[in-house]
Structure formats: C-alpha cells, structure tokens
Amino acid sequence: MIARCYSGSINGVDASTIEIEVYAAKSTSSFAIVGLPDTAVKEAKDRVSTALKNSGYKTKEEFAVTVNLAPADVRKEGPIYDLPIAICLLKATARLATEALDEYGLVGELSLSGRVRRVRGILPIVMEMRRIGKRAVLVPEENVEEASVVEGIDVIPVNTLREAAQYLSGEIRIEPRYTDLADLVARDKNGGEDFADVKGQQTAKEALEIAVAGGHNVLLIGSPGSGKTMLARRVPSILPPMSVEEALEVSRIHSVAGREKGAGTFVTRRPFRAPHHTVSSIGLLGGGTHPMPGEVSLAHRGVLFLDEFAEFPRAALEVLRQPLEDGHVGVSRAAAACDYPSRFMLIAAMNPCPCGYHHSGDSHECRCNQAQIVKYQSKVSGPLLDRIDLQVGVYAVKPDELESMKSGVPSAVIRERVVRAREIQAERYKGLDGVITNADLPGRYLKDACKLTDAAVKRVRHTIESLSLSARAYDRVLRVSRTIADLKGSDAVDEEHVFAAAAFRELDREDGGFWL
C-alpha cells in the first residue's frame, strides 16, 4: 500500500514542497529511503522504527518499506522528515485510519520514545504549506509559537507521534493555534541602556540618531575609553519598532538559522548583532558546506555592530562590501546556492592606531610611528570606507568635566524623533518595493527624493570639490542630507542639511581627523 503526505525543504530563507511517499509490502523486513537524502535523513529509518515501537505501534508482521522523497533531484537535509515518514508508514501498513492524509503538512523530528522535537526553518515551511493549499500543518509543540503567526492555515501542535496519529484518525481533537502577529509586534518594547546616561559626546550621539533615522552606516573612531562601545550599545534603545512585514521577514531568517533560544520564538525586536573580531568571513557572510545565514543576514533590518573594526581579518571585512551595497548575499556551494537578505545598518568602532592615542587630543601620547599607523589604518580598505555614510571622531571626556555636565537626552525622546523621520520616509517610498529608509533608496530615485534648494546645490558642488568625493560617496552624502532634513521636518534639502552631512565625513576632511 502507498501513503502520501507533504513537508518542506529549506533553500535560503524560503521553502519548497517535498512529497513523502511510503510503500510497504509484507515481506522480509527492510527499510530504504531514496530521493537524495543526507545522512540525517537516512538515519530516520532507525529513529522512526524505534519511535513507532515505543509509541505502542508494534506488529508481528514484517514489511519491506520504501520511502521516496520527491522531487528526487533536490537534496533533503536534517531530521524534519521523521514525523511525516512515521505517519505515512502507519497509513501504508493499515495502522492509521484516515483518508485525507495528503491534505496535511507534517514537520518534526522524533526521539526514540516517540516525542516530537523542535526543528529549524519551521516558519518558511508553514508558509509553503499554506501556499500549496494544505488544510493544516502538524508541527512540534516547541515550534508552535513561531509557526502560528502564519495566517490562512491551521497550525496543530503535537507533542508525540501517538498524539499526531490520533489527531489524524479523529480519535482526539487538538485546537489549532493562532498568534496575532500585529499584537506581538505592538506589545514588544525596546529595552537596553539609555542615552540619558551618556554625558557629552554630542556629535557622536547626533550621528547615531541620524544613522538610525535613515538606516545609514556609521564609523566611530576614537581612543580607548572615549565611549565608542558605550554609545553603540545604546543604539537598540532608539531603534524604531518593526512593522509586521519586517518582523516576518526577519523571523524567517532566524527560523532557518535555528539561532533563537528557547522554544523557537518569533522575532519582534530589531536584531542587534555584535560578533567577536575573530569571526571568519563565512561567519559574517554565511555559507558553509551546507549554507546557513551569516551575521550580515541575522542583522537584517537591524544593526551589525563590529567593535575593534581594524582587528577583524581583512578577508572578513572585504566580504561586507557587496551586502552593504546590494542588501543581499548570494552564497554558492557544491551542496546548494542560496540568496539571503542583508539590509542592515553597520556600526563600526575602532582606534586610530595600534596604541589607540593618535590625535586623541588628551594627555596620552601616541607611541606609534607613522609606518605602524599606516599599516593599522590600511586594514580597513578605501572601498569599504566609501560605503560608510557617517565617519565620526569620538573624543574622550575629561573626568573632571563629567560632574559638571548634565545628563543626556533620554532614549525615549530620541526614539520619537527617529520614528517620525521613519514615518516620513515610509510615506515617501510607499510605492517603491523594498525601499523603507533613505539608505535603501536606489540612486536613480535620489533626484526626486532629494529636492535641493539653490543654496544646497552650491553647497553640494563645493563639498564634491573640497572633499574629492567619489560618485558613491556623493550619493551617500545626499541620502544623509535627506535624513537630516526629515529629522528637521523639512520637505526640501537645504544648505544646512548638506553642510551637516558633509561634516560627518571626517575621513574625507583635508586634515583627515584621526586618519593619516
């Protein structure tokens, strides 16, 4: 007898349909799985056989079992096919009475006791089951919070193989689970440390506000202890809330990566990723023998914070150039070719030299010679710096000045300004697919979005000549100018906005600031 049901296979952040066919005939006991399975899928025969026995489905008869995973030319990976194989095997051996098995999607790993374990990639698989018109999908209880945000399909949580079989045969009823995605996003509040704790550093705080408002990349350069990391760690407190569409987009990536702690929760807060400077290029970009999302994709629609920027391997930093420019990563390996979204805001922090005190303006004297400084700064290439919109010097506040300084503006106040600026951008770009912030805006739309006054046109020409900007840097200055104008509530980009944007290109200044 042949039984059939459906599951999914992950490719990038999407899923494709996998049809599971099980044929069982009374004969000498055997169990074969075909359809390009990896080792974990091949091992399913042992997990499934033992789980069936320990779930009370023993039989004195012997069967020759063949499992076909179609399409046969798509590689099948992981233990997610355990539950559908087991259910189809029960049906094929007449131990499960149901006539509508192929109307369901099934996903889950089985333990030897028959318990259904959580799997990664549940969100895109459930979305794929909805796309192909399945009535319901059975998922592990541990994955149900994540899976139940998908509308238009019943999500049935199961704890054990026996529970799944009893539900499909009509012996028990399990209520479908549904989670209101919009409510989840609305209830989530950004936490973290507050900018009110930061005294001084007005220029750096202003730069970070502009960066968050427009989704721009920013580089903080300063001596040790000047507050670069302290400022960057407070950025989550001013990030705007995610829209429902963004939350779904981000959650798909984290679902595929399987990085979420606990029982597989939905991502409702913008990611803030801070990998150590020993991370490899694959760790940043993604890939591996069987491709997985890297840090640039896990930071999608959020922040990627790279502390000690110049200490990262040169090869790892250079792979950032393409995702910073294109907003996605193409990973090709022998096993698969995947495309991952990577529209993130980069915050980088670094010292200006090996000892950290070049042009620091404080009592410390730099111990590095010019050759050492050049070697250190050259770890960050010109093309990479050209993709960073705001380059800001962070100078240490003297201890004797701290007591007399007032507390900074609270993060809640800054966040309100950021949200207003983002709302202006959302309204402006509502007809452009994939464009949410000024940083996302393609160059061909810049002229229409950045309505320059006559004075601003003159300032732009002067900026290009004085700073010798590349065409890419020029576009980035215009985008930052547009964000500053949005924060000021101005429809047109004026001279003061361009001037402020150019002032944040510290490395393009004639004296170079911290840079040689």
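Bear in mind that the values in this text are calculations on the coordinates, not laboratory data. All of these numbers come straight from a predicted model, not from anything done at the bench. So basically every Cβ, Gly included, is an ideal-geometry build from the backbone, and we count neighbours across all protein chains shown.
Pulled fully out, how much extra length does the chain show between ALA337 and ASP180, if you take 0.36 nm times their separation in residues and subtract their Cα-Cα distance? Walk me through the numbers on the way to the answer.
Values: separation 157, 0.36 × 157 = 56.52 nm, distance 3.36 nm.
Stretched out fully, the ALA337 to ASP180 stretch lengthens by 53.2 nm.
Can you list the residues, at least 5 places off or on another chain, whose amide H is less than 5 Å from the amide H of MET292, using H built in the peptide plane?
GLY287
Taking the Cα-to-Cβ direction at ALA455 and at SER27 and moving 7 Å from each Cα, how far apart do the two end points lie in nm?
8.7 nm
Using modelled backbone amide H atoms (1.01 Å from N, in-plane), which distant-in-sequence or interchain residues come within less than 5 Å of ILE153's amide H?
Amide H to amide H, under 5 Å and 5 or more residues apart or across chains, ILE153 pairs with nothing.
Would you mind working out the magnitude of the charge dipole of the stretch 8-55 relative to its Cα centre, with +1 at each Lys and Arg C-beta and -1 at each Asp and Glu C-beta, to the nearest 20 Debye?
340 debye
Restricting to DSSP H runs of at least four residues, report the calculated mean residue ellipticity at 222 nm for the chain, -39500 (n - 2.57) per run over all residues, nearest 500 deg cm²/dmol. Provide the component values of the computation, followed by the final result.
On the way: 22 runs with 188 residues, N = 516.
Rounded to the nearest 500, it is -10000 deg cm²/dmol.
Would you kindly give the portion of the calculated P(r) for the stretch 217-329 that falls above 16 Å, as a percent of all Cα pairs? Before the final figure, lay out the partial values.
Numbers: 4004 of 6328 pairs.
Everything past 16 Å amounts to 63 percent.
To the nearest 10 degrees, how steep is helix 454-467 against the longest Cα principal axis of the chain, on a 0 to 90 scale?
With both axes taken from Cα atoms, the answer is about 90 degrees.
Just how large is the dipole of the chain about the Cα centre, in debye to the nearest 20, putting +1 at every Lys and Arg Cβ and -1 at every Asp and Glu Cβ?
For this selection, approximately 740 debye.
What do you get for the angle between helix 202-214 and the principal long axis of the chain? Use alpha-carbon atoms, 0 to 90 degrees, nearest ten.
Compared with the principal axis, the helix lies near 40 degrees.
If r is the Cβ-Cβ distance from ALA426 to MET1 and R0 is 60 Å, what FRET efficiency results, to the nearest 0.05? Each step should come with its number before you reach the end.
Details: r = 55 Å, r/R0 = 0.92.
E(calc), rounded to 0.05, equals 0.60.
Take the alpha-carbon positions of the stretch 188-415, form their convex hull, and give its projected area averaged over all directions (one quarter of the hull surface) in nm².
Convex hull of Cα atoms, orientation-averaged projection: 13.7 nm².
Quick one: which of 346-358, 466-478, 303-315 comes out on top by average Cβ neighbours within 10 Å, and what's the full order, highest first?
346-358, 303-315, 466-478
Using only Cα atoms, what is the ratio of the radius of gyration of the stretch 2-169 to 2.2 N^0.38 Å?
Cα-based Rg divided by the globular estimate yields 0.94.
So which lysines can LYS406 reach, going by Cα to Cα under 22 Å and dropping same-chain residues fewer than 8 places off?
LYS199, LYS205, LYS228, LYS398
Please list 59-65, 292-298 highest first by mean number of surrounding beta-carbon atoms within 10 Å per residue.
With the highest mean Cβ count within 10 Å placed first, the list reads 292-298, 59-65.
Using Cα positions and a limit of under 20 Å, work out the lysines in reach of LYS430, with same-chain residues fewer than 8 apart set aside.
Once the sequence-local lysines are set aside, what remains near LYS430 is LYS447, LYS451.
Report the one residue of THR463, VAL67, GLY258 whose Cα lies farthest in the direction of the positive end of the charge dipole of the chain (charges on C-beta: Lys and Arg +1, Asp and Glu -1; origin at the Cα centre).
Result: VAL67, furthest along the dipole toward the positive end.
With a 10 Å radius around each residue's Cβ, average the other Cβ atoms per peptide and rank 160-168, 278-286, 378-386, 210-218, highest first.
Taking the mean over residues of other Cβ atoms within 10 Å, the ranking is 210-218, 160-168, 278-286, 378-386.
What are the lysines whose alpha-carbon lies under 21 Å from the alpha-carbon of LYS53, with same-chain residues fewer than 8 places away excluded?
Candidates past the 8-residue exclusion: LYS26, LYS42, LYS45, LYS91.
To test your reading of the geometry: what angle, between 0 and 90 degrees and rounded to tens, separates the Cα axis of helix 44-54 from the longest principal axis of the chain?
Tilt relative to the chain: about 60 degrees.
Amide H of GLY78: which non-local residues (sequence gap of 5 or more, or other chain) have their own amide H closer than 5 Å, using H built in the peptide plane?
It is ASP38, ALA40, VAL41, by chain and number.
When only C-alpha pairs under 8 Å and at least 6 residues apart count, what is the relative contact order of the chain, in percent?
Details: 1070 pairs, mean separation 68.6, N = 516.
Relative contact order comes out at 13 percent.
Positive end of the charge dipole of the chain (Lys, Arg +1 and Asp, Glu -1 on Cβ, about the Cα centre): tell me which of ILE87, VAL409, ASN438 has its Cα farthest that way.
ILE87
Taking 7 Å along the Cα-to-C-beta vector as the label spot, tell me the VAL244-ASP491 distance in nanometres, rounded to one decimal.
Computed distance between label sites VAL244 and ASP491 equals 3.1 nm.
Evaluate E = 1/(1 + (r/R0)^6) for SER49 and ARG321, where r is the Cβ-Cβ distance and R0 equals 56 Å; express this FRET efficiency to the nearest 0.05.
Step by step, r from the Cβ atoms, then E = 0.65.
For the pair LEU402 and ARG131, what calculated FRET efficiency results from E = 1/(1 + (r/R0)^6), where r is the Cβ-Cβ distance and R0 = 51 Å, to the nearest 0.05?
After rounding to 0.05, the efficiency reads 0.30.
For GLU103 and VAL409, compute 0.36 nm times the residue count separating them, minus their Cα-Cα distance, and round to one decimal in nm.
Value of the extension gain: 104.5 nm.
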